[in-house]
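Visitor: Provided herewith is a single structure, encoded as structure tokens, for subsequent inquiry.
The values are calculated or read from the model by the stated rules, or taken from the named source; none is laboratory data. All of these numbers come straight from a predicted model, not from anything done at the bench. Reconstructed Cβ throughout: ideal geometry from the backbone, glycine too, with neighbour counts over all protein chains shown.
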Amino acid sequence: MSVPEVRRTVDAVWRIESGKLIAALARIVRDVSVAEDLAQDALVAALEQWPRTGVPDNPGAWLMTIGKRRAIDHFRRQQRLERKVTELGADLERRQGQNGAEIDEVAEDDIGDDLLRLIFTACHPVLSREAQVALTLRMLGGLTSAQIARAFLVPESTVAQRIVRAKRTLTTKQVRFELPRGADREVRLSSVLEVIYLIFNEGYAATAGDRWIRPELCEEALRLGRILAGLVPDESEVHGLVALMEIQASRLPARVDAAGEPILLLDQDRRRWDRLLITRGLAALQRAERLAERPGPYCLQAAIASCHARAMTAGETDWIRIAALYAALVEIDPSPVVDLNRAVALAMAFGPETGLRLVDQLAAEPALERYHLLPSVRGDLLVRLGRPAEAREEFTRAAALTSNERERRLLLRRASEAAE
């Protein structure tokens with residue numbers, strides 16, 4: 001295998017194994033920052049050795065063994081935890097040279113709990129939301145600072161600083177590498193789900209730049225959601241979020257044309273929707289609904305998405321059920337954005353006048369003052385009511401508020417079409 005091929009293999013292995021590796025090392029050293037450094041050392045060792053020796057049969061176990069050796073070296077350098085050094089050293093010596101199954105045991109020991117601890121640590125409430133996102137993508141997604149920076153259109157130095165500060169904060173605040181319990185776990189789980197969904201949404205509808213969708217971010221969020229669902233299989237809202245992301249991601253191939261220009265939901269060719277993702281999403285929604293005494297926000301949003309997924313044409317969409325689901329969502333998770341989405345559903349179910357009344361009530365909401373979708377929705381309703389001049393003004397205002405170049409062009413085109 002050539003050096004470039006080995007490097008590509010190392011990159012692929014790192015994306016798959018880095019989260020488990022960092023999690024296992026964090027359990028040993030009790031410091032997420034140190035654990036990432038040790039994992040990076042193992043990665044460097046792979047880049048140095050694999051071109052000469054070839055890729056091992058179990059690359060994940062190889063990285064784990066090297067990482068644990070680096071952990072022993074760390075303890076020795078720090079001249080502390082001598083008992084731990086002795087135990088780890090003896091354990092590695094016993095396993096050194098043994099068969100692959102026993103090495104697998106080293107790699108997989110307590111790995112589920114370790115990953116769960118790492119997820120909750122990366123999304124700890126002492127960190128800002130931006131820091132949580134960066135740390136999650138770095139440690140659990142295996143992305144570099146440069147890749148994260150490209151995805152969110154910020155300087156690489158900004159992402160690097162966020163990650164460094166986040167790790168420093170975790171150390172300074174003495175955040176323990178542990179699974180929270182009771183009410184604390186419930187609060188933290190909510191934060192974890194919010195971070196994963198934020199990553200997904202940035203991929204589904206990019207807030208800025210010249211691409212409307214960033215599928216790689218949707219894929220990362222889906223991967224993290226699936227991992228979390230496997231680690232906490234009895235949590236309804238985790239399955240609800242996975243269901244929502246699976247169904248939403250099914251539309252990605254139809255959300256843009258060949259030139260990358262946006263295609264709105266009602267105009268999409270539904271034959272291009274990924275039926276496998278829809279099937280997976282509907283199955284996850286069933287699991288979520290079975291587990292829930294009362295559907296939570298992600299379950300309800302997934303149920304809304306399922307109404308679109310089940311409609312083979314836009315005209316078959318059950319808008320009355322969607323409006324009812326939004327009403328239920330408003331009850332448990334009220335927000336102006338949910339109200340705006342409910343207005344769209346009411347307009348589709350009962351006519352544009354009904355939707356416009358609610359949209360006009362939302363115009364005074366401070367949270368929506370610079371939210372471009374408010375005038376966009378209003379413009380669409382005004383078109384349907386035969387008021388093109390007003391619609392043109394709304395689409396033009398929406399275009400001025402968005403930071404995404406593709407979406408700006410779409411809104412300006414709609415403004416021009418409304419005036420014709």
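Visitor: Given the conditions (1) modelled with pLDDT of 90 or more; (2) in a helix (DSSP H, G or I), report the number of the one that Leu127 does not fulfil.
Guide: All conditions pass for Leu127, except number (2).
Visitor: Considering region 1-15 alone, what residues qualify as being exposed (fewer than 13 other Cβ atoms within 10 Å of the Cβ), of a type in the set (A, V, I, L, M) and in a helix (DSSP H, G or I)?
Guide: Filtering region 1-15 for residues exposed (fewer than 13 other Cβ atoms within 10 Å of the Cβ) gives 1-5, 8, 12.
In the following step, the residues that additionally are of a type in the set (A, V, I, L, M) were identified as 1, 3, 12.
Matches in region 1-15: Val3, Ala12.
Visitor: Quick check on region 67-75. Is at least one of its residues among the small types (Gly, Ala, Ser), part of a helix (DSSP H, G or I) and closer than 23 Å to Arg165 by Cβ? If you could, list the steps in order and put the result at the bottom.
Guide: Our first condition is that a residue be among the small types (Gly, Ala, Ser); within region 67-75, this holds for 67, 71.
Still in the running and part of a helix (DSSP H, G or I): 67, 71.
Filter again for closer than 23 Å to Arg165 by Cβ, leaving none.
Checking region 67-75: not a single residue is among the small types (Gly, Ala, Ser), part of a helix (DSSP H, G or I) and closer than 23 Å to Arg165 by Cβ.
Visitor: Quick one: in region 166-178, of everything that is buried (at least 16 other Cβ atoms within 10 Å of the Cβ) and either under 21 Å from the mean Cα position of the chain (by Cα) or modelled with pLDDT under 90 (or both), which residue is farthest from Ala26 (Cα to Cα)? Even if it seems obvious, please write down each step before you answer.
Guide: Quick first cut of region 166-178, residues buried (at least 16 other Cβ atoms within 10 Å of the Cβ) only: 166-167, 169-170, 175, 177.
Next, from what is left, pick out any that are either under 21 Å from the mean Cα position of the chain (by Cα) or modelled with pLDDT under 90 (or both): 166-167, 175, 177.
On the way: Ala166: 15, Lys167: 12, Val175: 12, Phe177: 7 Å.
Among those residues, the one meeting the criterion is Ala166.
Visitor: Please report, ordered by residue number, the helices (runs of 4 or more DSSP H) entirely within region 165-251 with at least 2 residues that are under 21 Å from Leu276 (Cβ atoms) and touching a Phe, Trp or Tyr at 6+ places or on another chain (Cβ under 8 Å). Steps first, please.
Guide: Working: elements: 182-204, 215-231, 236-249.
In region 165-251, 215-231, 236-249 are the helices (runs of 4 or more DSSP H) which contain 2 or more residues that are under 21 Å from Leu276 (Cβ atoms) and touching a Phe, Trp or Tyr at 6+ places or on another chain (Cβ under 8 Å).
Visitor: Quick one: count up the residues across region 138-165 that are at pLDDT 90 or above, crowded, with 16+ Cβ neighbours inside 10 Å and among the hydrophobic types (A, V, I, L, M, F, W, C).
Guide: Number satisfying all stated conditions: 3.
Visitor: Do you know which residues across region 341-356 are free of Cβ contacts under 8 Å to residues at least 12 places away in the same chain and of a type outside the set (Ser, Thr, Tyr)? Break it down into steps so the answer makes sense when it comes.
Guide: Residues of region 341-356 free of Cβ contacts under 8 Å to residues at least 12 places away in the same chain: 351, 354.
Residue satisfying the conditions is Gly351 alone.
Visitor: Kindly indicate which of Ala309, Ala284 is more than 20 Å from the chain's Cα centre (by Cα) and within 20 Å of Tyr204 (Cα to Cα). Lay out the reasoning, then the answer.
Guide: On the way: Ala284 fails: more than 20 Å from the chain's Cα centre (by Cα).
The unique qualifying residue is Ala309.
Visitor: Another question, then. Filter region 183-228 for residues that are under 20 Å from Ala131 (Cα atoms) and touching a strand residue (DSSP E or B) at 6+ places or on another chain (Cβ under 7 Å) and give the result.
Guide: Once the filter is applied, which keeps residues that are under 20 Å from Ala131 (Cα atoms) and touching a strand residue (DSSP E or B) at 6+ places or on another chain (Cβ under 7 Å), region 183-228 yields Ala206, Thr207, Ala208.
Visitor: Pick from Val359, Val330, Val344: which is part of a helix (DSSP H, G or I), aliphatic (A, V, I, L, M) and over 16 Å from Asp380 (Cα atoms)?
Guide: Numbers: Val359 fails: over 16 Å from Asp380 (Cα atoms); Val344 fails: over 16 Å from Asp380 (Cα atoms).
The match here is Val330.
Visitor: With the condition kept exactly as written, say whether any residue in region 213-234 is without any contact (Cβ under 8 Å) to a residue 40 or more places away in the chain, within 26 Å of Gly19 (Cβ to Cβ), crowded, with 20+ Cβ neighbours inside 10 Å and not hydrophobic (A, V, I, L, M, F, W, C).
Guide: Within region 213-234, one or more residues are without any contact (Cβ under 8 Å) to a residue 40 or more places away in the chain, within 26 Å of Gly19 (Cβ to Cβ), crowded, with 20+ Cβ neighbours inside 10 Å and not hydrophobic (A, V, I, L, M, F, W, C).
Visitor: If I go through region 258-288 residue by residue, how many of them are closer than 20 Å to Leu222 by Cβ and part of a helix (DSSP H, G or I)? Working first, answer last.
Guide: Going residue by residue through region 258-288, those that are closer than 20 Å to Leu222 by Cβ are 265, 268, 272-288.
Checking the rest, the ones that are also part of a helix (DSSP H, G or I) come to 265, 272, 275-288.
Number satisfying all stated conditions: 16.
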